[in-house]
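Asks: Before I ask anything, here is the structure I am working with.
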Amino acid sequence: MRIDVFSIFPEYLAALDLSLIGKARQDGILDVRVQDLRAFTTDRHRTVDDTPYGGGAGMVMKPEPWAEALSTALSGGTAEGESGAGERPTLIVPSPAGEVFAQATAYELAEKQQLVFACGRYEGIDERVLEWAGENFDVRPMSLGDYVLNGGEVAVLAMVEAIGRLVPGVVGNPESLVEESHSDGLLEYPVYTKPSLWRDRPIPEVLLSGNHAKIARFRRDEQLRRTAERRPDLIAKLNPSTLDKADRAA
Ligand code: ADE
């Protein structure tokens, strides 16, 4: 998968060199290209912002550098092994005004050949950039949640990690992706490791029973209990057909 990121703070994205995503880059599974938006300016001051039409606080990102930058993401070929033919790249614009990014979004985007992230700062990017980009990209304004960050960079780190780890080969043991929070609409069950007794606290006894059916039932009940307690909104959204008989009794 090819991932292009444009930002006026490319150093923010240095964390993409670390851990599993960094390893996947080294292994050639993820072709991540971070570029400084200011490299696409033409004036002496490398200006990327200007005052908003209509007045109001703050500054707006100018369209010209964005058009130059995004055009380079359309050329230069795709990562080795990908044809790049046919599929339009997806342009993700992090914004508190976007659709909420969720695990289902991560699964959907993990299937794409090329993702392009445009990190806005200040009050945002001139809206015409998104309209213009729609000619060549699938444009997706995306929010991490109902709070405001100073810019898109932190959101890109979160989204690239959530998406990248679903790309085959990035996580060594794909089984670890199966039983995790949100994969089945529920929160994850609690986990324990040695020692079995720590500071007067034993682990739940069933986990020592060796009875796999009982352990599975315990974990499922814990998932349901936790989700009902912490995220009742998720319980309301559950598809009843995903619940078994014992779930419904609980
Ligand atoms: N930029 C500013 N706030 C944001 C948010 N909540 N999600 C994504 N990008 C943002």
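Asks: So if I check each of D36, D17, which one is among the acidic types (D, E) and over 18 Å from R165 (Cβ atoms)?
Replies: Working: D17 fails: over 18 Å from R165 (Cβ atoms).
Sole residue among the options that is among the acidic types (D, E) and over 18 Å from R165 (Cβ atoms): D36.
Asks: State all residues of the stretch 147-176 that are outside any loop (DSSP other than H, G, I, E, B) and within 13 Å of the ligand (Cβ to nearest atom); if no residue qualifies, say none.
Replies: Narrowing the stretch 147-176 to residues outside any loop (DSSP other than H, G, I, E, B): 153-164, 174-176.
Across the stretch 147-176, the qualifying residues are E153, V154, A155, V156, L157, A158, M159, V160, A162.
Asks: Out of all the residues in the stretch 26-42, is one or more in a loop (DSSP other than H, G, I, E, B), surrounded by 13 or more Cβ atoms within 10 Å (Cβ to Cβ) and free of Cβ contacts under 8 Å to residues at least 60 places away in the same chain?
Replies: The answer is yes; a qualifying residue exists.
Asks: Going residue by residue through the stretch 103-117, is there one that turns out to be touching a strand residue (DSSP E or B) at 6+ places or on another chain (Cβ under 7 Å), within 14 Å of the ligand (Cβ to nearest atom) and either of a type outside the set (S, T, N, Q) or not in a helix (DSSP H, G or I) (or both)?
Replies: Checked the stretch 103-117: at least one residue is touching a strand residue (DSSP E or B) at 6+ places or on another chain (Cβ under 7 Å), within 14 Å of the ligand (Cβ to nearest atom) and either of a type outside the set (S, T, N, Q) or not in a helix (DSSP H, G or I) (or both).
Asks: Going through R225, R220 one at a time, which residue ends up being assigned to a helix (DSSP H, G or I) and crowded, with 16+ Cβ neighbours inside 10 Å? I'd like the intermediate steps shown before the answer.
Replies: Numbers: R225 fails: crowded, with 16+ Cβ neighbours inside 10 Å.
So the residue among R225, R220 that is assigned to a helix (DSSP H, G or I) and crowded, with 16+ Cβ neighbours inside 10 Å is R220.
Asks: Take the stretch 118-146 and flag every residue that is outside any strand (DSSP E or B), among the polar types (S, T, N, Q) and under 12 Å from the mean Cα position of the chain (by Cα). Outline the logic, then answer.
Replies: Let us first name the residues in the stretch 118-146 that are outside any strand (DSSP E or B), namely 119-124, 126-137, 144-146.
Restricting the remaining residues to those that are among the polar types (S, T, N, Q) gives 136.
Scanning the stretch 118-146 gives no hits.
Asks: Could you look through the stretch 137-165, keep only residues that are within 27 Å of P232 (Cβ to Cβ) and of a type in the set (A, V, I, L, M), and pick out the one that is surrounded by the fewest Cβ atoms within 10 Å (Cβ to Cβ)?
Replies: Step by step, filter the stretch 137-165, then rank; the result is V148.
Asks: Shifting gears a bit: For the stretch 127-146, which positions are within 16 Å of the ligand (Cβ to nearest atom) and not hydroxyl-bearing (S, T, Y)?
Replies: Hits for the stretch 127-146 are E127, V129, L130, V139, R140, P141, M142, L144, G145, D146.
Laboratory data are not the source of any read-out in this text; all were calculated from the coordinates shown. A quick note: this is a predicted structure, and the numbers were derived from the prediction, not measured. Please note: Cβ atoms are built from the backbone with ideal geometry, for glycine as well, and neighbour counts cover all protein chains shown.
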